[in-house]
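Here's the structure we're looking at; comments come further down.
The values are calculated or read from the model by the stated rules, or taken from the named source; none is laboratory data. Not measured: the values here are computed from a predicted model. All Cβ positions, glycine included, derive from the backbone under ideal geometry; neighbour counts span all protein chains shown.
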Amino acid sequence: MRSAVIVFPGSNCDRDMAVALERASGVKAQMVWHKDASLPDGLDVVTIPGGFSFGDYLRCGAIAARSPIMRSVIEFANKGGHVLGVCNGFQILIEAGLLPGALMRNSGLKFVCKDAEIKVKTANSPFTNAYTKDETLTYPIAHHDGNYVADAALVERLRGDDRIAFTYTDNPNGSTDNIAGILSENRRVLGMMPHPERLNDPELGGTDGNKMFLSLSEALVSA
């Protein structure tokens, strides 16, 4: 699996993401600076890591979504490429128009940093096919603007299309319908607030996250 990690000013999970990708695939991830005009050739997956791109000024992910590299990421996704955005990466994907809805301030108006219990709501995607539906996982969360907001029509569409990837069991941020992660219409773009890359080694306290990267690697190898 040939992968890339997009790095913005303020990214702080880029190296965690690169380690998780290499651990699962055996291939070193390529680090791509946000000012680059194009992605490396031959990629299977592009990842957008967590952090606070551009200091979260203006609106979380809004400035990063307009960085030069994002034109290539959007083109890559529109051609059927696989894209994973975690935390700030999810915010950027929404701001770039690759996923619907909005991410607002947490309902408690406080930064939330803890291990969260989440449920897998679909195993029908390259990112989740190693899990089983309704399997319970532990992923860390660390965000101030992770409250996923969607109107009733969008929630109904996401449910009907089986595009809700993960939900929280305790809804730490007030997200509509407990949503923690969603898929694009072609199921090849995943945005999620919890951090699988931070829990993929026993020395980090668990391996629930590693299964996602193995799922993606195996899906792309067999594609």
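For region 43-64, state whether one or more residues are basic (Lys, Arg) and at pLDDT below 95.
Restricting attention to region 43-64, the residues satisfying the condition of being basic (Lys, Arg) are 59.
Pick out the ones that are also at pLDDT below 95 and you get 59.
Scanning region 43-64 turns up at least one residue that is basic (Lys, Arg) and at pLDDT below 95.
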Got at least one residue in region 90-100 being more than 19 Å from LEU190 (Cα to Cα) and touching a residue at least 24 places away in the same chain (Cβ under 8 Å)?
no
Inside region 162-208, can you point out the residues that are in a loop (DSSP other than H, G, I, E, B) and of a type in the set (Val, Ile, Thr)?
THR169, THR207
Against the definition (outside any strand (DSSP E or B) and basic (Lys, Arg)), how does LYS114 come out, yes or no?
no
Out of all the residues in region 118-128, which are buried (at least 16 other Cβ atoms within 10 Å of the Cβ) and either within 26 Å of GLY51 (Cα to Cα) or not hydrophobic (A, V, I, L, M, F, W, C) (or both)?
ILE118, LYS119, VAL120, LYS121, THR122, SER125, PRO126, PHE127, THR128
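Yes/no matrix, rows are residues, columns are (1) of a type in the set (Gly, Ala, Ser); (2) in a helix (DSSP H, G or I):
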position: PHE76; (1), (2): no, yes
position: GLY85; (1), (2): yes, no
position: GLN91; (1), (2): no, yes
position: LEU103; (1), (2): no, no
position: LEU109; (1), (2): no, no
position: ASN129; (1), (2): no, no
position: THR138; (1), (2): no, no
Would you check which residues across region 161-180 are touching a helix residue (DSSP H, G or I) at 6+ places or on another chain (Cβ under 7 Å) and among the hydrophobic types (A, V, I, L, M, F, W, C) and list them?
ILE164
From the list ASN147, ASN171, which residue is polar (S, T, N, Q) and buried (at least 21 other Cβ atoms within 10 Å of the Cβ)?
ASN147
Residue match in region 47-59 (condition: farther than 21 Å from GLY97 by Cα, of a type in the set (A, V, I, L, M, F, W, C) and in contact (Cβ under 8 Å) with a residue 40 or more places away in the chain):
no
Going residue by residue through region 183-199, is there one that turns out to be without any contact (Cβ under 8 Å) to a residue 24 or more places away in the chain and either within 17 Å of the chain's Cα centre (by Cα) or surrounded by fewer than 18 Cβ atoms within 10 Å (Cβ to Cβ) (or both)?
no
Filter result (under 15 Å from GLY101 (Cα atoms) and touching a residue at least 24 places away in the same chain (Cβ under 8 Å)) within region 128-154
ASP145, GLY146, ASN147, TYR148, VAL149, ALA150, LEU154
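Take the conditions of a type in the set (Ser, Thr, Tyr) and either modelled with pLDDT under 95 or in contact with a Lys or Arg (Cβ under 9 Å, 6 or more places away or on another chain) (or both) and apply them to SER11. Does it pass?
Values: of a type in the set (Ser, Thr, Tyr): yes; either modelled with pLDDT under 95 or in contact with a Lys or Arg (Cβ under 9 Å, 6 or more places away or on another chain) (or both): no.
Judged against the criteria, SER11 is not a match.
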Collect the residues in region 35-72 that are within 14 Å of GLY89 (Cβ to Cβ), within 17 Å of the chain's Cα centre (by Cα) and assigned to a loop (DSSP other than H, G, I, E, B), keeping them in residue-number order.
PRO49, GLY50, PHE52, CYS60, GLY61, ALA62
